[in-house]
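Notes for the one structure printed next.
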Amino acid sequence: MKTLTKAEEQIMQVLWKIEKGFLKDIVEAMPNPKPHPNTVATLLKILIDKKFVTTETFGRMNEYSAVIGKPAYSKNTMNSLVKGYFGGSFSKAVSFLVEENKLSIEDLELLLQQLKKK
């Protein structure tokens, strides 16, 4: 799976939230300051080329929807992050988060409970 730029990911976040929409719908759902519609249209074209987005044509207008779901992209991104920065070791990644005070004892207990359920 290809990676997304920050701008492309921002468009995808909107599409994952609204599920599908026309250009104006996507622009309206973007956070402020809203990008110019031409910028969003260009990014959508790139996302179509990357096979992240598909279109359905209604007259002269395109309705855009995500091909890649947020869970699949999140999983791929997390795996790439752990592979690239922690040698593929999720335990090293968790240790890093603990050392940086990003995971509390409660968070770790929840993780243990989830592991025990599986």
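Computed about its Cα centre, the charge dipole of the chain is approximately 360 debye, with only Lys, Arg, Asp and Glu carrying charge at their Cβ.
Ranking PRO31, ALA93, LEU110 by how far each Cα lies toward the positive end of the dipole of the chain (charges on Cβ) leaves ALA93 at the top. The chain has equivalent-ellipsoid semi-axes of 35, 15, 14 Å, by the square roots of 5 times the alpha carbon gyration tensor eigenvalues, sorted largest first.
Given a cut-off of 19 Å, name the pairs among LYS20/LYS51; LYS50/LYS70; LYS50/LYS83 whose C-alpha atoms lie farther apart than that in the structure shown. In this structure, LYS50/LYS83 exceed 19 Å between Cα atoms. Per-residue extension of 0.36 nm, minus the Cα-Cα distance of GLN13 and ALA29, leaves a gain of 4.8 nm for this segment.
Within a straight-line Cα-Cα reach of under 20 Å, LYS75 can be paired with the following aspartates and glutamates, leaving aside sequence neighbours fewer than 8 residues apart in one chain: GLU8, GLU9, GLU19, ASP107. Here, region 1-53 has an Rg and a Dmax of 10.1, 30 Å when only alpha carbons are counted.
Size of region 53-118: Rg and Dmax of its alpha carbons, in Å, are 18.5, 56.
Throughout, read-outs are computed from the coordinates displayed, never taken from laboratory work. All values derive from a computational prediction rather than experimental measurement. Because the Cβ atoms are built from the backbone with ideal geometry, glycine has one as well, and the counts that use them run over all protein chains shown.
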